[in-house]
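Worksheet: the structure to be examined is printed underneath.
The values are calculated or read from the model by the stated rules, or taken from the named source; none is laboratory data. Note that this is a predicted model, so its numbers are computed, not measured. Because the Cβ atoms are built from the backbone with ideal geometry, glycine has one as well, and the counts that use them run over all protein chains shown.
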Amino acid sequence: MDFNINTWMKGYLDELKALFGSSLLFVGLQGSYGRGEATEGSDIDAVVILDQVTPEDLKAYGAMLDMLPNREKVCGFISGRQELLNWERSDQKMLGISLDSTGNCLSDQK
């Protein structure tokens, strides 16, 4: 079966929007797929930033991932805006995320 990351990301993004609505601030693709260097065995490094993340959000996110094709390839992380504000700016930039001093996303890949 051929895997197309663009098709997968569209379905992933649709599910994220349905699940989190306006709380969804950022969605990014990192790693080998993000760099365009993926091979058949590459995992999908997805980054999700929500306005605020709760334990219930994490459970809902895991359940959503379990319903997606190629679940076994998905890794990455989900975080809230406040948590991300505590990261070093260089780490935020490495992920392609930039926040202003109030926590507003300045770069948006969703």
Going by what's in this entry, would D45 be described as among the acidic types (D, E) and at pLDDT 95 or above? no
Give me the pairs, please: first residue somewhere in the stretch 65-87 and more than 18 Å from W8 (Cα to Cα) and in contact (Cβ under 8 Å) with a residue 24 or more places away in the chain, second residue anywhere and of a type in the set (G, A, S) and in a loop (DSSP other than H, G, I, E, B), beta-carbon distance under 8 Å, and either six or more positions apart or on two chains. R81/G103; Q82/G103; L84/G103
Collect the residues in the stretch 1-28 that are in a helix (DSSP H, G or I), surrounded by fewer than 10 Cβ atoms within 10 Å (Cβ to Cβ) and not small (G, A, S), keeping them in residue-number order. N6
Considering the stretch 29-40, residues that are part of a loop (DSSP other than H, G, I, E, B) and modelled with pLDDT of 90 or more, and then whichever is surrounded by the most Cβ atoms within 10 Å (Cβ to Cβ), we arrive at A38
Answer residue from the stretch 56-83, given it is at pLDDT below 90 and over 17 Å from L29 (Cβ atoms) and is surrounded by the fewest Cβ atoms within 10 Å (Cβ to Cβ) among those: Q82
Kindly check whether there is at least one residue in the stretch 74-89 that is in a strand (DSSP E or B) and on the phi > 0 side of the Ramachandran plot. yes
Scanning the stretch 18-77 residue by residue, those over 22 Å from F3 (Cβ atoms) and among the acidic types (D, E) turn out to be D51, E56, D57
